[in-house]
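Just so it is clear, none of the values below were taken in a lab; they were calculated from the coordinates. Every value quoted in this text rests on a predicted model; they were computed, and no experiment measured them. A quick note on method: Cβ atoms are made from the backbone with ideal geometry, for glycine too, and the neighbour counts reach across all protein chains shown.
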Amino acid sequence: MRISSIEAVALVRAEAPKAIRALNKFSAEAFKTRGGRLGSGMGSLLEALWIYFTNRALHNEGGDAADCEIGWLSDHEPNDFACVLRDAIWTPSTRAGELFRLEAKSMNLSVDESKAHFTELSLAIAPHDQLIILIWKWVEVDAWRFCPQVTEHLICPAQPVALLRDALHIARGGSFVTGGVCPDNCPGNPCLHTGEPLNAAGKRERKGGPDITRPSANVSFANNFGGLVRMLKTDSATARRIFRECRATDETAHEYISFIHRNFPSEEINQYTADEWRRIGKHAGLTVAKKSSRLMAEELRATTPGYQELLRDILKED
Ligand SMILES: [Zn+2]
């Protein structure tokens with residue numbers, strides 16, 4: 001019997017630590033360099049290498065090749081991949097021969113704000129489609145030389161992350177083009193723009209949004225939607241309530257939030273009030289008197305491995 005989508009997802013997830021160890025070993029040899037580079041480019045290279053080492057692991061699975069392999073969606077931008085049946089014809093337009101799709105994102109920890117965006121429309125995501133995030137940084141190899149190393153990764157279902165992203169987009173005053181009421185007055189229903197995000201100012205957030213909602217002659221689209229860190233920011237009581245409800249009720253939302261906040265700790269500190277941080281600290285048995293959010297958060301990270309589970313339980317804002 002052929003491998004199922006669920007089995008293929010589990011297999012790719014199980015092989016990921018091994019694939020990333022191999023990737024890091026290769027990178028330490030091949031990309032060892034003086035200087036290093038903060039700009040874009042390296043992230044895409046690491047994503048491609050992850051595919052290569054995952055496929056190598058799948059080929060060697062238990063001495064026998066697994067029934068699946070990862071291929072590139074040639075017309076997609078940015079990098080999108082699909083896990084496909086090894087011995088079947090693959091037709092990307094109909095998804096025939098596919099087990100699940102995989103959107104790969106990389107984030108450089110040395111750069112203040114990540115440029116990585118997850119912008120796939122919710123309605124284009126199938127139930128088993130996954131998101132993979134590689135966190136990487138330049139690491140010293142010797143006194144003079146550095147190499148890029150992946151420090152942490154997440155593979156999770158893409159749909160719940162998209163739903164969290166969309167809910168917070170609406171809480172921020174944004175909207176989505178709905179069928180039959182397109183700002184371009186398209187005749188079809190649904191038209192090509194259905195599902196496209198518009199920001200609070202009514203401007204399009206993706207290149208594919210309605211022409212009339214282009215932000216300006218110089219800027220094609222606003223490009224805030226789906227920023228992997230930015231999508232979790234909350235600037236109102238409503239947004240914070242939605243954030244907390246999603247985190248409390250959805251396993252993947254919690255996993256995604258915890259992952260981003262572990263790697264971008266200031267975001268986590270700002271998400272909760274000082275009183276809330278002290279409440280969690282008290283619960284974990286720490287002394288809390290007069291401690292700031294930052295101090296409390298740092299202590300919790302150092303002493304209480306499960307502190308993010310405690311954050312998950314905070315529902316009502318103080
Ligand atoms: Zn339209």
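Net charge near Glu103: determine it from the other residues with C-beta under 11 Å of the C-beta of Glu103, scoring Lys and Arg +1 and Asp and Glu -1.
Charge balance in the 11 Å sphere: -2.
Which pairs break 31 Å Cα to Cα here: Lys207/Lys316; Lys18/Lys291; Lys105/Lys291; Lys137/Lys316; Lys32/Lys115? Walk me through the intermediate numbers first.
Details: Lys207/Lys316 37 Å; Lys18/Lys291 41 Å; Lys105/Lys291 36 Å; Lys137/Lys316 36 Å; Lys32/Lys115 24 Å.
Listed pairs above 31 Å: Lys207/Lys316; Lys18/Lys291; Lys105/Lys291; Lys137/Lys316.
What value, in deg cm²/dmol to 500, does the helix sum -39500 (n - 2.57) over DSSP H runs of n ≥ 4 give at 222 nm once divided by the residues of the chain?
Only helices count here, giving -12000 deg cm²/dmol.
Once the cut-off is 14 Å, how many percent of the Cα-Cα pairs in the stretch 233-317 end up in the long-distance tail?
Beyond 14 Å sits 60 percent of the P(r) for the stretch 233-317.
For Lys290, give me every one of the aspartates and glutamates with a C-alpha distance below 17 angstrom, ignoring sequence neighbours fewer than eight places off in its own chain.
The reachable aspartates and glutamates, counting only those whose Cα sits under 17 Å from Lys290, are Asp275, Glu276, Glu298, Glu299, Asp318.
Quick one: 3J(HN,Hα) in Hz for the stretch 179-194, Karplus 6.51/-1.76/1.60 with θ = phi - 60°, rounded, Gly and Pro as x.
Each residue's phi maps through the Karplus curve to give x, x, 10, 8, x, 7, 6, 4, x, x, 9, x, 8, 4, 8, 4 Hz.
Convex hull over the Cα atoms of the stretch 174-220, averaged projected area in nm²? Kindly include the intermediate steps, with their values, before the conclusion.
Numbers: hull surface 11.2 nm².
Convex hull of Cα atoms, orientation-averaged projection: 2.8 nm².
Would you look at the GNM of the chain, springs on alpha carbons closer than 10 Å, and say which of Phe118, Phe100, Phe31 moves the most?
Phe31
Just the number, please: Stokes-Einstein D of the chain in µm²/s, Kirkwood Rh from C-alpha pairs, 4 °C, 1.567 mPa s.
The Stokes-Einstein estimate is 60 µm²/s.
Could you tell me what % of all Cα pairs in the stretch 194-282 have separations over 15 Å?
Details: 2656 of 3916 pairs.
Within the stretch 194-282, distances greater than 15 Å cover 68 percent of Cα pairs.
If you take the square roots of the eigenvalues of the alpha-carbon gyration tensor of the stretch 10-165 and sort them as a ≥ b ≥ c, do you get rounded (a/c under 1.5), prolate (a/b over b/c) or oblate? Mind showing how you got there, number by number?
Numbers: a/c = 2.23, a/b = 1.39, b/c = 1.60.
It comes out oblate by the Cα gyration axes.
Give the peptides 65-73, 21-29 in descending order of average Cβ contacts within 10 Å, highest first.
65-73, 21-29
Given axes a ≥ b ≥ c from the Cα gyration tensor, I'd like to know whether the stretch 135-273 is rounded (a/c under 1.5), prolate (a/b larger than b/c) or oblate.
Values: a/c = 2.32, a/b = 1.58, b/c = 1.47.
Taking the square roots of the gyration eigenvalues as a ≥ b ≥ c, the stretch 135-273 is prolate.
Could you tell me the center-to-center distance, by alpha carbons, between the stretch 226-246 and the stretch 251-302 in angstrom?
Computed from Cα coordinates, the inter-centre distance equals 16 Å.
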